[in-house]
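The values are calculated or read from the model by the stated rules, or taken from the named source; none is laboratory data. Source: prediction; values computed, not measured. For neighbour counting, all protein chains shown are included, and Cβ atoms are generated from backbone atoms with ideal geometry for every residue, glycine included. Heavy atoms of the whole protein, side chains included, go into the accessibility calculation; ligands, DNA and RNA do not. Shrake-Rupley method; radii C 1.70, N 1.55, O 1.52, S 1.80 Å.
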Amino acid sequence: MAANNRRMSGKKGAQVGSGGKRRRGLEGKGPTPPAEMRKGHTKNRIANAKAKQTARRPQQRRGGKAASELVVGRNPVVEALREGVPASTLYVQQFIDNDERVREALQLAADRGGINLMEAPRPELDRMTNGLNHQGLVLQVPPYEYAHPEDLAAAAYDEGADPLIVALDGVTDPRNLGAVVRSVSAFGGHGVVVPERRAAGMTAGAWKTSAGTAARTPVARATNLTRALESYQKAGLTVVGLAADGETELGELAALDGPVVIVVGSEGKGLSRLVGETCDIRVRIPMPGGAESLNAGVAAGVVLYEASRRRA
């Protein structure tokens, strides 16, 4: 009989109770977690997507830094200080003739604060400036810290706004860059993108032309402009290129109402081939006066005004 019982048993060893599993199974699992934490819920998927985007987003600007720059000469130094160009050190020649410009430069530097005043012999200033006519005043401008192109769109979305960005293709004059920065600031844009090579950077000249707006309008630097534009397209932005032979007239462009990147080429050559092929739409600005083209600063200002008017 004992042998019979052993054959009928499906498990080895004694079985005593359920080990508390049934009791625990009857216990509650606590309050229902919020939708963002429930796996499979729509809000959970959205929260996960935002978390991944935040993880990919640079925690600090990683567009690189420019080289430091020297502003040389009494008038240029005074103008740079008047326009709020960032500066780290003002070098003044020993035994300098103390005229109005020297006094104003010293006063502006002292009023602003944070600028070191250094007295140096003339041979030292000659060496620093490679023999340029510095007239006893040299202003050191620290390296500009560029944003990353992704930062511009991310900042716009954080504000609850559709990104409005200007990208410059082949623009080499820093004054044009400064003018574009000024227009972007005036019309509520979110920044400017420039290529890393063969393009104007944020020099003292660009700062001066921006009339101080460069302090609140970020400039991003792209290693490869075409890839940066493709990345914007994947993020849902429409890439609009300005071209004299564009198939769409500016007044007919509906894309300005949404997230958009406006690409401006150089005055002479316009958009480069690869950048032009990357654009979703090529737009022309009507010019009844018959001018062949506009410089980058003016062209960007016209389109930014139209975008601002539609978004108002």
Can you pull out every residue in segment 73-86 that is within 13 Å of Thr203 (Cβ to Cβ) and crowded, with 17+ Cβ neighbours inside 10 Å? Pro76, Ala80, Val85, Pro86
Here is a check on your reading of the model: is Leu139 under 30 Å from Ile96 (Cβ atoms), outside any helix (DSSP H, G or I), among the hydrophobic types (A, V, I, L, M, F, W, C) and open to solvent by 40 Å² or more (accessible area, probe 1.4 Å)? no
If we ask which residues in segment 213-233 are in a loop (DSSP other than H, G, I, E, B) and surrounded by 15 or more Cβ atoms within 10 Å (Cβ to Cβ), their number turns out to be 2
Identify all residues within segment 160-199 that are surrounded by fewer than 23 Cβ atoms within 10 Å (Cβ to Cβ), more than 16 Å from Leu304 (Cα to Cα) and of a type outside the set (Ser, Thr, Tyr); write none if there are none. Gly160, Gly170, Asp173, Pro174, Arg175, Pro195, Glu196, Arg197, Arg198, Ala199
For the list (1) closer than 28 Å to Arg182 by Cβ; (2) in a loop (DSSP other than H, G, I, E, B); (3) open to solvent by 40 Å² or more (accessible area, probe 1.4 Å), I need the number of the one condition that Gly131 fails. (1)
Name every residue in segment 277-292 that is open to solvent by less than 50 Å² (accessible area, probe 1.4 Å) and either in a loop (DSSP other than H, G, I, E, B) or out of contact with any strand residue (DSSP E or B) (no Cβ under 6 Å at 6 or more places or on another chain) (or both), in order of residue number. Thr278, Cys279, Ile285
Given the criteria open to solvent by 60 Å² or more (accessible area, probe 1.4 Å) and polar (S, T, N, Q), does Thr238 qualify? no
Please enumerate the residues belonging to segment 89-118 that are closer than 16 Å to Val71 by Cα, charged (D, E, K, R) and open to solvent by 70 Å² or more (accessible area, probe 1.4 Å). Arg101
Pairs needed: first member in segment 129-147, free of Cβ contacts under 8 Å to residues at least 24 places away in the same chain; second member anywhere, surrounded by fewer than 17 Cβ atoms within 10 Å (Cβ to Cβ); C-beta distance under 6 Å; at least 6 residues apart or different chains. none
